[in-house]
Structure formats: C-alpha cells, structure tokens
Amino acid sequence: MTDFVAPTVDWAALSPVVIVLLAAVVGVLVEAFVPARVRRTVQLAIALAALAGAVIAVALLWSGVEETGGTVVLGGSLLVDGPTLVLQATIALLALVSLLIIADRTETGEDAFAPNAAAVPGSDYEEAARRKGVQQTEIYPLVLFATGGMLIFPATGDLLTLFVALEVLSLPLYLLTGMARRRRLLSQEASMKYFLLGAFSSALLLFGIALVYGYSGSLRYSEISEATQVPGGLDSLLLVGSVLILSGLLFKVGAVPFHTWTPDVYQGAPTPITGFMAACTKVAAFGALLRVVYTMLPGLAWDLGVLLWTVAILTMVVGTVAALVQTDMKRVLGYSSIAHAGFILTGIIALNEAGIVAVLFYLLVYGAATVGAFGIVWLVRERAGMVGGAGGSEGDSPILGEATHLSQWAGLGRTHPLLALTFALFLLSFAGIPLTAGFAGKFSVFSAAVEGGAWPLALIGVLASSVAVFFYVRIIVLMFFTEPAGAEETGTAVTALAPSAEGFALGADSTVAVEAEPVVQTRSTVTTTVVGTEGLAVVAIAFCALVTIVLGVFPSPVLDLIASVATFLA
Amino acid sequence: MHTLTTLVASLPTGLSADTIAPASETVRAGVLLVAPLLVGLPLLSAAVLLLAGRRSDRWGHWLGVLASAASFVVAAIVFVTMLQRPEDSRVIDVSLGTWIDAGAFQLDAGMRLDPLSMTFVLLVTFVGTLIHVYAVAYMDHDVDRRRFFAYLNLFVAAMLILVLADSYLLLFVGWEGVGLASYLLIGFWNYNTEYAVAAKKAFVANRIGDLGLIIALGIMFATFGAVDFGTVLSGVDGSAGQGTLTAIGLMLLLAACGKSAQFPLQSWLGDAMAGPTPVSALIHAATMVTAGVYLIVRSAPLFDAAPTAQLVVVIVGAITLLFGAIVGCAKDDIKKALAASTMSQIGYMILAAGLGPVGYAFAIFHLITHGFFKAGMFLGAGSVMHGMDDQVNMRRFGGLARYMTITWLTFMAGWLAIIGIPPFSGFWSKDKIIEAAFVPVDGAPWRAWVFGTITMLAAGITAFYMSRLFFMTFEGERRWSTKRDGSAQHPHESPRLMTWPMIVLAVGSVGLGAFLALGDRFVDWLAPVLGHPEHHEPVLPVWVITVLTLALVIAGVVLAWRRYAISQVPVVPPVGTALTRAARVDLYQDSVNDIALVEPGQALTRSLVYADRTAIDGTVTGVGLSTVLLGGWVRRVQTGYVRSYAASMLLGLVVLVVVVLLVQS
C-alpha cells in the first residue's frame, strides 16, 4: 500500500464546471434564506451569471489549450482539451439561451412550471397554491446542476467519472420533466418513464463498465485503449462490455433502439425544459460518445463498426419515417431529433478529424435551432372562447396550454408572420436547406463520412433528409397556406382553469386519464393564439435565429475555430 | 453579401474604369464587377416586397418590374463588355469569396461569366421583364399582386444564380430556389385545392430530380474532391473511371428530367398550368424548365466522356419528344396543350444535347428561339383567357381572330415559328437539330436513322397539334355565346400593357432565328465554351432533310385545317380512338406513377410505421383508446407500457451484442 497522495488540482482548468456547480449550491441556499418575493430575481441573476461565467471561463482557457493541446486534471479523471472546450462552450451557451426561455413568464405571470409540483394533480391543495401565485424557483438550481453534469460528461477521462457525470446530469432532468404546469399527468407520466428507463440504461452502462474493468484492469480510457491492443483471451468480455457502455450512451442521445423514451418525454416535459434537454443533453452525450469511440475504443473500430452502422441507419430511418405520421408538434420535433441523432452518428463513424469537427459543429447548429423551435412551441397557445355561454370577447378569454396539435398551427403565418417565419427558419435548418446552418452541418458530417469511407451511410443520410424535408415543409405549408381550422369544436373541453383538469381534457388523445370531475362542462371552442411574455423568450429565440442564419451563410470562421483545436488528448 | 456591399460602393469607379480588363481567369476589377448586381437587384426587390407587406401594395408591382429591368440593363452592360473582349478571354470567373472552408473541404462561391451563361442571363432578364410588364395588367384585380411580384423577382434571382454559378453546389442553390419559386407560384391561388395539389405534385417530382443532383454532387466530391465546374470538368480525362462518369451523367440526367419535365418525371408540367398565366410563360415555358438543358450542356465534357449516359440522354429526349407531341394532339385545354408542346420542344433540346458536340450549340439555339415564341404564345393564351372570362377550353373558342387582332397576329407569329416555317425563328433552330440527329455515329449506324426519323416525324405532329390549337382558337366559327354565369360573352382585346410584351416577343419569333443563324453568329458566340463543332455530313443530303421536314409540316397543317378550321368542331369532345383517350389522360402517366411509385412507397411507409407502432410503441395505440374508455384500468397497463419500452431496448441490445459477437468470430 502506498501512501495516499492528494492530487494537485488545476482549478483554473476546471473553472467552467466549478462556477456552474458552485452557483447551483448557492441557489439551494437562496431557496432557504431569501424571501419568496425576490427569490426568482435572485435565482435568475445567479443562474445567468454562472452560465455566462462558464462561457467566459472557456474563452479564457482557449488560447492555452490551443497551444498545449490540453491538460490532464484530477489525475486523469478529467481531460481539458480542445473538444472539451468546444463542447463546454456549446453547452453553456445553449443552457444560457434555454434558461431565458425557462425563466420567461406570460403576461399573466405564469411560467411553464407547476406552482407546486408535489401537490396531487387536481387537488384543492394545488388549486390553493395556484391562486396564491406560488412559484417553484427550485428549477434554477436544478437546471444548473444538470448543466454542471453536462459540462463534466464530455470531459471525463475515466469510466467512473463518466458514470457520475451521467447521474448528475440525469437526476435533475427527471425531476424537471415532471413539473409541467399544464397536462400534469402527462408530465408526471413522462417523468416516471424517463426515470425508469434512464435507471435501466444506467444499469447497463454500469454493467458494461464492470466488464471492461474486468478485461483491462483499469477505468482510464487511455489504459483501456492500450489493453485492447494486446491480444487476449477474453475478447468477448471486452466486446460485450463495450456494447453495454455504448448502449448506455446511445440511450442518452436517443438512438434506435434506445429511443423509445424520447417522444413521450419530449411531449410530456414542460416545453422550455424539452428544448433544454433536447439541445444540451444531446450535445453532452454526443461529446462523451465521441470521446469514448475515438480514444477508448479505436482498437475495436472494426468490431464495433457493425453496431454503430446498424444503429445509425436504424436511427435515421425510424426517426424520419415515424416523424412523417405524427400529429403533435412536440412529437414531430422529438422524432426529428432522433433522426438528427442518426445524422450525427454518421459523423462519429467517420473516425477522422473531419468527423470530430463536423460533429461538434453540427451539435451547435442543431442545438440552436432546437432551443429556438421549442421556445416558439411554448409561445403558441390555445385560447378558450365560449360558445353560447356567458361569452366574453376574444381578448379576455383565458389562455390555456400549448397548442401542440399540428392542425392548430394552420394559418399561423397569416396571423403571426414573424413568428411563423422564424419557426420556418428553424425547420429549414433542420431540413438542411442551403443558407441555413443545418445545411452546413449536414454537409460537413456527410462529407466527413464519405471521407472516412462510410459513403453508404452518407447516402442513406441524404435520402433520409430528403424524405424529412417533406414533413418540415408540410408544417411550413400548414402555417402559411392553410386556412386556420377556425373555432374547432371540442366535445368536453373544460372552462375551469385548474391545470389538472386541462390535463384531463386536452390529454384525452394521449395515454393519460384520471377519474377527475371536470368543474364545469360546456361546449366550448378553442382557438390558437400567441401568448405575450415578459420578453426573455423572444430574446432567446431571436438569438437562435441569428445563429442559424449566420452559421448558414458564413460557417467557415466557426468551422476553422473548431478545426484548430479538434484533437483529443490521448 | 459583404462582397456585394463593397461592389455597390465601388460601382462608380468600376464603371469609369477601363472596360477591357486584362485577359485573365479571374477578374478582380473592371466593369464586370457589377455582375453580382444581376442577382442582387431582384433579390433585394423580392425582400423589400415581402417585408414591406401591405404598405407596398400600391407601388410594389412597379418595383418588381424595375428590378427586373435594371437587372437586364446590367446584363446588357456585361454583354457588351464581353463582346469587346477577344474570343479566347470571354470565360471569366468572378470570385465572391470563400463560402465554406474547413481544412478538409473548401468551397468558393463565385460567378462564371461566359457566353453560355450570358445567353441565359439575357434571355431570363429580357423575357422576364416583358412578362413582368404583362403581369402588371394581368394580375390587376388580384389582391395579392404585390406578393406575386415578390415571387417573380425571387424566381428571377434564383434562376440567375443557377446559370451564373461556378460550381455545382451553387448551381444547386439556384436549382432549389427556382423550385421554391415555382412551387409558390403554381400554388399562388392555393385556396383552390386542385391548384395546391398541382403545386405539391410539382414539388415532389422536382425533389426526385434534386435527389439526382445531390447524389451527383456526392459522387463528384468523392471522385474529384471538388464540385466547381473548373475542377470537375477538366478532371474527367484523368482519374475518374468510365463507370463513375456514367453514374454522374445519369444522375445529372435525372435532375434534368425532374426540372425540365422529361420522361419519366414529366407529369407535373401539365398540372403546373394551374398557376397564373404569366408564370406559365416565364417559368414553365421560357426559362426554368430549360434548366435541365443548361445543366447537360454545362456538363458537356463530362457527358462527352460518358457515351452511355449520352445515349440515355438522347433516348429520354426522343421519348419525351413523341410523348409530348401525342399528348398535345388530344388536349382541349389551351394551356395544357401548350404545356405538352413545351415538354415536346424541350425533348428536342435534350435530344440535341445528348448528341454531343454536334448538338450542344443547337440545343441552346432552340432553347432561345423557343423561349421567345413559346412565351409569346402563352401570353397570347393569357390574353385570350382575359378576354373570354378565364375560359380555357378550346372547344368553347373559335373565330376569335376578328375580336382580338393583336393577339391573333402575335400568336400567328409564334405558331409559324414553332412549326418551323421559314423564315420564322423556329425553322432555323429545329432544322439544325433534325440535321444533327441524322449525323451518323461511329459503331452504331442505326442511331442516325432512328433518331433522325423521330425528330422529323415529331416535326409533322407538332405542326398538326399547334395548327389545331391555332385554328380551334382563332379560326372557324364561334362556339361561345354566354359566360358561365349566363351573361353574354364579349371577347375583347387586352390592354396595352399586355399587348406590347406580346408584340415584342412576336418580333423575336419572326426574326431572331434568322438573325442568329445567318453567318453562324450564335454558334461562334458560344464557341469559347462549347468549341467549334466539326462539320459532319448527315446520312441524307441536307436539302433532302429540309424538304422532307417541310412536306411533313405542311401535311400536318393541312390536316388540321381540314378538321378544325373548315369543318365543324363539336363542343362536346367525341369519344375518340383508344390513342386519343389515352393521350387525354397523359398516356396514363399518373396511373403508372401511382402503381410504380406512390403505392409501394405508401405501403413501405405503412409497414415501417406499423412495425414501429407494434414492436416499439407496443400497445400504445390500443392503450390510448382504452385509456379514454376505461379510465382507472389504465394505471395498471401503464406499467406494462414502460416495460414494453424497456423490453424493446433490451431486445435491441441483445440483437446488437449477438451481431457484434458474430462479426468478431
């Protein structure tokens, strides 16, 4: 036994992670000691400052890493190299933008979260909390903890840290998923599913780690990589272990066949959280996957190639085809994110430097469009209007939950042209139409794949994206060229405002139902409108749109910047 | 964009600078730097019109006309500058800076100014401007006229990007742009479901074609490591194998088929006539649909090196040529008959482009003359519809010559041009294509006879159906009495804004062909791009070909005269022979598409969705239904629901592990 030697810690290199996690801890203290009246303001300020600080910290580290190629921190548990910094900057930036949407409130002061998430949906207690205007400001530290985990995830240098980071980022997300203000049962159901399936995949990952440790005697990527070079008798141990580790990561990115949770969770979670999750989690998970494939398992490229190819093809095809038949906007975006996971996988399979650059760039452009698109989904609402009832003009009828059914988006381009145009921009970017960032991203991953010899994948990718254009353009056509369905009759819509009651009425086409007595039952009409907000979300959406356009027209500076540091620390 | 700004800033000095720049590959100074304005002006106008909204309703259409006209003036300046340069330095690249640059791949955006692209630029901006003027009057009563002009400007800009691009990728940007503009304009009156469906059909057919272009881009990038014209077209002699070149050629042909409505992707063009008539004239007759011809001629060195692909091009052209001509004989809708004729005439161009160096210049020549006479006839058709309460059924026309003299005369110029009566434009270009088709090919003597005969026969059929159209509309006895609403029909000549463009186009239909053909002006002009074609003797003497063709043409006209001018034309179409009935429904093209493409595609989608639903979403749908019905029972099932997710993950994992282990051993 050697004496324990405390590792020297390079705090500067850790600063992006440390800032965010510290702020999260401070946020917890704020919950305990700051009066409720100003709590939201303080929390928001801390969270925004922390995320901006993380971006700045990355910028300060940049030139050093560009020169030295990166540093090993905490005795090899964390690797601060070029890809780490690019991913951390992307995650922090996207989290910052998402946070603006998460924090925004409608004109009536409602945010996207349940007033009291612990209350039983539809109970008197919940109604009392709602009337009192209680707000759940714990979401800010939760988002920061998740972001902290995400910042660590792609920087990990050994499997144990990888697992810890995965849990740190996942647990807050399970909670956040279940906190939607509207359709609470759907939200809670999604949270439960996400938790159970997430636990399942974590178990797979852990089992894989154990097997790989059994084979190589180490948890460090570099040492495992060396061990795979030496021929040994327990190859199947290594292979099965690697497959399990990969499937744990593929679960997080939502690749087929580990994608089943994605549409349900995306649909059920509060929409701003969905945007945060779809963008940032995917960036972090792909970052980790990239590092594992490039630095831990390059010796197994041939053996695991068949797995990655199969998964990539399935993901592109299933994501695209399933998106074609969806009728719910959030599910469409959910399946589209699955298809995008497939496109990104083709860049990973390329196994060359162009592949690293392409994947990092794609994640940025995909993340920006995703956050923006979900931000807009959050703004498009249903408005109740009574027929033959007490009446009331359009203006003072209550605004309900998000109008997520596709048919409700018809004619939005006529009533809200700028909003619809911005949404169309994001969709075109998803579709990869030239002069949007999505095109530059798709072009770079597919050309990297061709360069890396994976041209059949690129071919399938191109085919899948041209099919995908159909459902993106269908939405654009719906918004601009279709007459609004007008006041559509909904049989048992409920005029009461109780969130859970809406959950019952509007979730009727979903899988949830409860034995809840609607307060008032009447024939009512529901129209689509765009809700006014305090303006944070608009800033965020505008920023995403700007990124999408600028990176579409001038992708080269950013591609150059990424290419200048796109080497993994061995 | 930043280049454009600096350009505008340097414009005054640029104009006063020495107009003859030194003969170099890439021009960085001189008057040619105004070239980006060609695209910039209409694009800017489109943006203004779309963003300004209703505020610009009053003057928006004139801004559109102005942008297009200004673009034409710029084109004329560039053209004159180019004429002043010696012949061997007329191919000029104007760089607009690096577009995408990331180590492994680099793409420059730039414009290639050469006689071929300038020919298109002049055609697009000149005919485009005339049609803009026409549309001011034609769309007078439409509340959305401003939006219409925004789309027209957008189209002009995209079309100019397409022809001015110096790489296949930038060409693709323009290619998608014209597709978008075409889609928006076909569906302009989208409150009519049928029109919206037509727009969608055009969109889908074009996507299939675009797929070809994307795949061609991919193969080019993999083979040559670049997608710009310079590298690709000079690289065909080197590393690339015959198979690769043939694959690229066929994929480019697929793209051309989609855009230019060639067999087997031709079915959308007839339906596209749902758009306003100026659109049919500009996009679906004169310019966009000829983009496929441009693509093939632009890729000439590539096709020269891939004879198999070239043969397929000729076959596709020949099939479409006959197809369009036969369909044209049976259509009673004046615009659809013209659309069929467009298809057929582009068949001539594609066929000529497939003949190789003997045909390239004549393909473009026919494209230009066709641009004039076909646009003129479409505008004429629009004028007739304008005077006849939007009636399009020719069986309801007749004897209109007396009521609309200018339309009648200008239409007659177009008619004589398309059937190839000397000295009208079409004679000079079509005759050359027929001659070129009769030129023997080494090793395949049958080709000259087969394709020569087809082109000659088609000229006869063209004469028949175009004369039928002309006589049914303007000659014979009147078969109209009341409007649809019952009031009396009063055909009248169109306003001057509409007749003047028709007159200008008619002048082109009469004289342009002779002007360009005499002294080989046009062929010499294109020589810097396409080279001087060697002279080959056709298998028949040239005068025999010309006489035979003219005899067939006259026979066609006489036949049409007997059936549609001097004898009674029934208002209700007779049942007709099996061929007539087939031709009326586009030779069953839609049914074939349904059976060959739509049905299997839908079945595939259904089965994939079904698999996803049953195997993965498991009981979701069923549960969803029972949820509503059975309330509390659901909670128990929901556990199973997550379990089915987990089970599918586990199943997938096991399959993957087994596959990996199998591959390893």
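Every residue, every condition in (1) surrounded by 19 or more Cβ atoms within 10 Å (Cβ to Cβ); (2) free of Cβ contacts under 8 Å to residues at least 24 places away in the same chain; (3) small (G, A, S), yes or no:
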position	(1), (2), (3)
B:D520	no, yes, no
B:V523	yes, no, no
B:L526	yes, no, no
B:E534	no, no, no
B:V542	no, no, no
B:V547	no, yes, no
B:V553	yes, no, no
B:R562	no, yes, no
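Exactly one of (1) open to solvent by 10 Å² or more (accessible area, probe 1.4 Å); (2) of a type outside the set (D, E); (3) part of a helix (DSSP H, G or I); (4) under 23 Å from A:S98 (Cβ atoms) is unmet by A:R182. Its number?
(3)
Which of the residues that make up the stretch B:134-160 are hydrophobic (A, V, I, L, M, F, W, C) and under 15 Å from B:I283 (Cα atoms)? Steps first, please.
Quick first cut of the stretch B:134-160, residues hydrophobic (A, V, I, L, M, F, W, C) only: B:135-137, B:139, B:143, B:148-150, B:152, B:154-160.
Scanning the stretch B:134-160 gives B:A135, B:F148, B:F149, B:A150, B:L152, B:L154, B:F155, B:V156, B:A157, B:A158, B:M159, B:L160.
Which condition does A:V34 not pass, out of (1) over 18 Å from A:L100 (Cβ atoms); (2) open to solvent by 60 Å² or more (accessible area, probe 1.4 Å), if it passes all the others?
Only one criterion is unmet by A:V34, namely (2).
Run down A:S202, A:S170 and say which single residue is within 14 Å of chain B (Cβ to nearest Cβ), among the hydroxyl-bearing types (S, T, Y) and assigned to a helix (DSSP H, G or I).
Working: A:S170 fails: within 14 Å of chain B (Cβ to nearest Cβ).
When all the criteria are applied, what remains is A:S202.
Output yes when any residue across the stretch A:513-522 is under 25 Å from the mean Cα position of the chain (by Cα) and either open to solvent by 80 Å² or more (accessible area, probe 1.4 Å) or modelled with pLDDT under 65 (or both), and no when none is.
Residues of the stretch A:513-522 that are under 25 Å from the mean Cα position of the chain (by Cα), as a first pass: none.
No, the stretch A:513-522 contains no residue that is under 25 Å from the mean Cα position of the chain (by Cα) and either open to solvent by 80 Å² or more (accessible area, probe 1.4 Å) or modelled with pLDDT under 65 (or both).
Of all residues in the stretch A:136-186, how many are of a type outside the set (A, V, I, L, M, F, W, C) and over 20 Å from A:D111 (Cα atoms)? Explain how you work it out, then say what you get.
Here is the first cut: in the stretch A:136-186, the ones of a type outside the set (A, V, I, L, M, F, W, C) are A:136-138, A:140-141, A:147-149, A:154, A:156-158, A:161, A:167, A:170, A:172, A:174, A:177-178, A:181-184.
After this cut, where a residue has to be over 20 Å from A:D111 (Cα atoms) as well, the list is A:147-149, A:154, A:156-158, A:161, A:167, A:170.
Counting residues in the stretch A:136-186 that are of a type outside the set (A, V, I, L, M, F, W, C) and over 20 Å from A:D111 (Cα atoms) gives 10.
Taking into account only those residues within the stretch A:479-489 that are within 14 Å of chain B (Cβ to nearest Cβ) and either on the phi > 0 side of the Ramachandran plot or modelled with pLDDT of 80 or more (or both), which is least open to solvent (accessible area, probe 1.4 Å)?
Of the residues in the stretch A:479-489, the ones within 14 Å of chain B (Cβ to nearest Cβ) are A:479-484.
Adding the requirement that they be either on the phi > 0 side of the Ramachandran plot or modelled with pLDDT of 80 or more (or both) leaves A:479-482.
Working: A:M479: 0, A:F480: 46, A:F481: 50, A:T482: 50 Å².
Ranking the qualifying residues of the stretch A:479-489, first place goes to A:M479.
Evaluate the following for A:R291: is it in contact (Cβ under 8 Å) with a residue 60 or more places away in the chain, farther than 27 Å from A:L176 by Cα and either surrounded by 24 or more Cβ atoms within 10 Å (Cβ to Cβ) or more than 9 Å from chain B (Cβ to nearest Cβ) (or both)?
Answer is yes for this residue.
Condition first: assigned to a helix (DSSP H, G or I), open to solvent by less than 10 Å² (accessible area, probe 1.4 Å) and touching a Leu at 6+ places or on another chain (Cβ under 8 Å). Now tell me which residues in the stretch B:304-327 satisfy that.
Our first condition is that a residue be assigned to a helix (DSSP H, G or I); within the stretch B:304-327, this holds for B:304, B:307-327.
If we keep only those that are open to solvent by less than 10 Å² (accessible area, probe 1.4 Å) as well, we get B:309, B:313-314, B:317-318, B:320-321, B:324-325, B:327.
Across the stretch B:304-327, the qualifying residues are B:A309, B:V313, B:V314, B:G317, B:A318, B:L321, B:V327.
For the stretch B:396-411: of the residues being modelled with pLDDT under 85 and in a helix (DSSP H, G or I), which is surrounded by the fewest Cβ atoms within 10 Å (Cβ to Cβ)?
Restricting to residues being modelled with pLDDT under 85 and in a helix (DSSP H, G or I), the top hit is B:R402.
Looking at the stretch A:221-239 only, could you name the residues that are surrounded by fewer than 19 Cβ atoms within 10 Å (Cβ to Cβ) and either within 13 Å of chain B (Cβ to nearest Cβ) or not hydroxyl-bearing (S, T, Y) (or both)? It would help to see each step written out before you state the result.
Quick first cut of the stretch A:221-239, residues surrounded by fewer than 19 Cβ atoms within 10 Å (Cβ to Cβ) only: A:222-223, A:226-227, A:229-237.
Listed by number, the residues that qualify are A:E223, A:E226, A:A227, A:Q229, A:V230, A:P231, A:G232, A:G233, A:L234, A:D235, A:S236, A:L237.
Of A:L419, A:L435, A:L412, which residue is surrounded by fewer than 20 Cβ atoms within 10 Å (Cβ to Cβ), closer than 17 Å to A:F374 by Cβ and touching a residue at least 24 places away in the same chain (Cβ under 8 Å)?
Working: A:L435 fails: closer than 17 Å to A:F374 by Cβ; A:L412 fails: surrounded by fewer than 20 Cβ atoms within 10 Å (Cβ to Cβ).
None of the others qualify; the one that does is A:L419.
With the requirement that a residue be within 11 Å of chain B (Cβ to nearest Cβ), within 23 Å of the chain's Cα centre (by Cα) and among the polar types (S, T, N, Q), what does the stretch A:419-478 give you?
A:S444, A:S465
For the stretch A:173-199, what are the residues that are aliphatic (A, V, I, L, M) and away from chain B (no Cβ under 14 Å)?
A:L173, A:L175, A:L176, A:M179, A:A180, listed by residue number.
Any chance you could count how many residues in the stretch A:543-570 are farther than 30 Å from A:T156 by Cα and either among the β-branched types (V, I, T) or open to solvent by less than 30 Å² (accessible area, probe 1.4 Å) (or both)?
Counting residues in the stretch A:543-570 that are farther than 30 Å from A:T156 by Cα and either among the β-branched types (V, I, T) or open to solvent by less than 30 Å² (accessible area, probe 1.4 Å) (or both) gives 5.
Find all pairs meeting these conditions: Cβ atoms under 9 angstrom apart; at least six residues apart or on different chains; first residue within the stretch A:535-549 and in a loop (DSSP other than H, G, I, E, B); second residue aromatic (F, W, Y) and crowded, with 19+ Cβ neighbours inside 10 Å.
Here the result reads none, with nothing in the stretch A:535-549 linked to a residue that is aromatic (F, W, Y) and crowded, with 19+ Cβ neighbours inside 10 Å.
Looking for something of a type in the set (A, V, I, L, M), surrounded by 14 or more Cβ atoms within 10 Å (Cβ to Cβ), at pLDDT below 90 and under 23 Å from A:A146 (Cα atoms) - is there at least one such residue anywhere in the stretch A:62-73?
Yes.
From the list B:L63, B:L38, B:L49, exactly one residue is surrounded by 20 or more Cβ atoms within 10 Å (Cβ to Cβ), within 14 Å of another protein chain (Cβ to nearest Cβ) and not aromatic (F, W, Y). Which is it? First the steps, then the outcome.
Values: B:L63 fails: within 14 Å of another protein chain (Cβ to nearest Cβ); B:L38 fails: within 14 Å of another protein chain (Cβ to nearest Cβ).
It is B:L49.
Restricting the first residue to the stretch B:405-429 and requiring it to be in the same structural domain as B:A506 (by the TED database) and at positive phi, which pairs with a second residue that is part of a helix (DSSP H, G or I) and of a type outside the set (S, T, N, Q) meet a Cβ separation below 8 Å and a spacing of at least six or different chains?
Pairs that qualify, where the first residue is in the same structural domain as B:A506 (by the TED database) and at positive phi and the partner is part of a helix (DSSP H, G or I) and of a type outside the set (S, T, N, Q), are B:G420/B:G426; B:G420/B:F427; B:G420/B:K430; B:G420/B:D431; B:G420/B:A459; B:G420/B:A463; B:G420/B:L550; B:G420/B:V553.
Taking the stretch A:10-20, which residues are touching a residue at least 12 places away in the same chain (Cβ under 8 Å) and open to solvent by less than 50 Å² (accessible area, probe 1.4 Å)? Before you say what the answer is, go through the steps one by one.
Kept after step one, since they are touching a residue at least 12 places away in the same chain (Cβ under 8 Å), are these residues of the stretch A:10-20: A:10, A:12-17, A:19-20.
Selection gives A:A13, A:L14, A:S15, A:P16, A:V17, A:V20.
Can you report the number of residues in the stretch A:240-278 which are of a type in the set (F, W, Y) and either more than 9 Å from chain B (Cβ to nearest Cβ) or in contact with a Cys (Cβ under 9 Å, 6 or more places away or on another chain) (or both)? Steps first, please.
Taking the stretch A:240-278 first, the residues of a type in the set (F, W, Y) are A:251, A:258, A:261, A:266, A:276.
Those left that are additionally either more than 9 Å from chain B (Cβ to nearest Cβ) or in contact with a Cys (Cβ under 9 Å, 6 or more places away or on another chain) (or both): A:266, A:276.
Count: 2.
Determine which member of the set B:L559, B:L526, B:L540 is closer than 30 Å to B:I368 by Cα, in contact with a Leu (Cβ under 7 Å, 6 or more places away or on another chain) and modelled with pLDDT of 75 or more.
Numbers: B:L559 fails: in contact with a Leu (Cβ under 7 Å, 6 or more places away or on another chain); B:L540 fails: in contact with a Leu (Cβ under 7 Å, 6 or more places away or on another chain).
Just one listed residue meets the conditions, B:L526.
Suppose the filter is surrounded by fewer than 17 Cβ atoms within 10 Å (Cβ to Cβ) and at pLDDT 65 or above; does B:R606 pass it? Reasoning before the result, please.
Details: surrounded by fewer than 17 Cβ atoms within 10 Å (Cβ to Cβ): yes; at pLDDT 65 or above: no.
Judged against the criteria, B:R606 is not a match.
The values are calculated or read from the model by the stated rules, or taken from the named source; none is laboratory data. The model shown is predicted, which means the values in this text are computed figures rather than measured ones. A quick note on method: Cβ atoms are made from the backbone with ideal geometry, for glycine too, and the neighbour counts reach across all protein chains shown. Remember, those area values only see protein heavy atoms, side chains included, never the ligands or the DNA or RNA. Shrake-Rupley method; radii C 1.70, N 1.55, O 1.52, S 1.80 Å.
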